[in-house]
Amino acid sequence: MQKYSTILLVGIIVVLAAVLAGVLVFQKNQPAQGRAFEPLVEVKAMEPDSSVWGKNFPNQYDGLQKTATNNIDTTYGGSSAFSWLERDPRQKILFAGYPFSKDYNDDRGHANALEDVRATKRLNLNDEDPKHTPATCYSCKSSNNPGLWTDMGMAAYDAMTFNEMTPNINNAIGCANCHEAETMRLIATNPALIEGLEAQGKDWTTFSRQEMRTVVCANCHVEYYFAGPDKYLTFPWAKGTQIDQIISYYNEIGFKDWEYPDAGTPMLKAQHPEYEFFTAGSTHYNAGVSCADCHMPYVSDGAAKYSSHDVHSPLINPEQACGQCHTDVEYVVRRVNTIQDQVANTKIATEDAIIDAINAIKAAAANPNSDAALLDQARQLHREAQYMWDFLSAENSTGFHNPEYALKICADATNLARQAQMLAAQAANDPSLLKTGTYYAPAQ
């Protein structure tokens, strides 16, 4: 009798455990829901002033303010706005003929976004110049944007010039960029993000809260381009978010950001594709880790537990950022350093290959006897190789967000660059163009 009682008890425990597990899985996969809270003050929809939100959430607001003064650098990145052109002079050559060859600084914290975009030398603020800077450049810089997009529509917003939009923009990145005021749930606020997801048949409103802790970052941390004469903000996701799919998309529509001087290559400039890079099958993404888990880890203030809004590299606070999952934080930091060293060194080798290709193409283009068809093939390979390199280079993790993907991109880009150099030499019937490392001496 006791035997059967034991079996029955074990059976009940197993059933209860299965039910509990089912409930937890069900809850985790539910769409993000608004959480009930009693606000001290009412916050209007899309309120651009984050200090108003801060009256209800002082800890989060205090963290957000810290992004204004956090200027700590890591080995390969950070928040001090150092110049990439000084740190890696090759990039002056790679971006020749484009504003990034004149001014290319690393990003500072979120609270500095508005100040920094207005200060960059890449802007052309002469309204009499048909190449004036569009208002679209404000798209990822201000918490005023959700309200402006709602009131006027993104098409009208983007059609304005930067100068025309400036009086409407007076707040840097803030609460309204990621949260719904009434419920505080995480939401997609950038129309370009919503359209980019819809192009893939995805509806962000069905995503779980954990998924949204990554998707809200895609309001800004993505690849994009300005479509048409009115510079409509567009994510090139219609074919997918993998790098080969994005290149195929750009090739199909014939888009180019600029033409490389003396080479004639129709070039592409990558932006900051953290979302595409991380979600391309990375180990952490496949394990269900979100961007916020590492860059906005949970912290405590007495009995209160909340997500830190002092957004920065996990390497600055690895015990908090990495220690929530990893017991040996020292090992994790060493592992990150190893990965980033490998990617950084490989990336420089890729840059050298692209520069060799550029100079070979320039020489072939200057030769009136060059085979035009072969030269065009070389240009196409140069276009794709440099975009692949830039996709990795502009992504803010030096490969750590997806190490295998990073090294594959470097290898593929180097291969395409060497093929471009070979085709240029064949086009000009000039074997001397196959020499490597003769056109550029890195700064000592």
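Here, each number is a calculation from the coordinates, and none is a lab measurement. All values derive from a computational prediction rather than experimental measurement. Positions of Cβ are backbone-derived with ideal geometry, glycine not excepted, and every protein chain shown enters the neighbour counts.
Quick look at the numbers
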{"read-out": "Stokes-Einstein translational diffusion, the stretch 128-241 - Kirkwood Rh over all Cα pairs, 0.692 mPa s, 37 °C, in µm²/s", "value": "223"}
{"read-out": "Cα-based helix-to-principal-axis angle, 372-393 vs the chain, degrees rounded to 10", "value": "30"}
{"read-out": "Projected label distance in nm at GLU319 and LYS66, using a 7 Å step from Cα toward the beta-carbon", "value": "1.3"}
{"read-out": "Overall dimensions of the chain as given by Cα atoms, namely Rg and Dmax in Å", "value": "24.7, 99"}
{"read-out": "Cα gyration tensor of the stretch 257-371 - equivalent ellipsoid semi-axes, whole Å, descending", "value": "44, 16, 11"}
{"read-out": "Cross-link reach list, aspartates and glutamates versus LYS141, counting only Cα pairs under 13 Å and skipping chain neighbours closer than eight places", "value": "ASP107, GLU115, ASP116"}
{"read-out": "Computed [θ] at 222 nm, helices only, for the chain once each DSSP H run of length n ≥ 4 contributes -39500 (n - 2.57)", "value": "-14000 deg cm²/dmol"}
{"read-out": "Inverse mean reciprocal Cα-Cα distance (Kirkwood Rh) of the stretch 61-133, Å", "value": "13.8"}
{"read-out": "Environment charge of LYS131, counting only residues whose C-beta is closer than 13 Å and scoring Lys/Arg +1, Asp/Glu -1", "value": "-2"}
{"read-out": "Nearest-ten-degree value, helix 403-428 long axis tilted from longest Cα axis of the chain", "value": "10"}
{"read-out": "Long-range amide H partners of TYR232 with built H, under 5 Å", "value": "ALA227"}
{"read-out": "The stretch 387-406-the stretch 287-339 distance, computed between alpha-carbon centres (Å)", "value": "20"}
{"read-out": "Relative contact order (percent, whole number), the stretch 186-302, Cα cutoff 8 Å, 6+ residue spacing", "value": "26"}
{"read-out": "Gained length - GLU252 relative to ALA304, 0.36 nm times residue gap less alpha-carbon distance", "value": "13.6 nm"}
{"read-out": "Extension gain, ASN286 back to THR74 (0.36 nm per residue minus Cα-Cα distance, nm)", "value": "73.7 nm"}
{"read-out": "Descending Cα extents along the principal axes, the stretch 186-340, whole Å", "value": "57, 37, 25"}
{"read-out": "Linear extension gain, LYS131 paired with THR206, 0.36 nm per residue minus alpha-carbon span", "value": "23.0 nm"}
{"read-out": "Cross-link pairs beyond the 32 Å C-alpha cut-off, checked among LYS231/LYS362; LYS44/LYS256; LYS44/LYS121", "value": "LYS44/LYS256; LYS44/LYS121"}
{"read-out": "Inter-label distance for ALA373 and THR183, nm, one decimal - labels placed 7 Å from Cα along Cα-to-Cβ", "value": "5.9"}
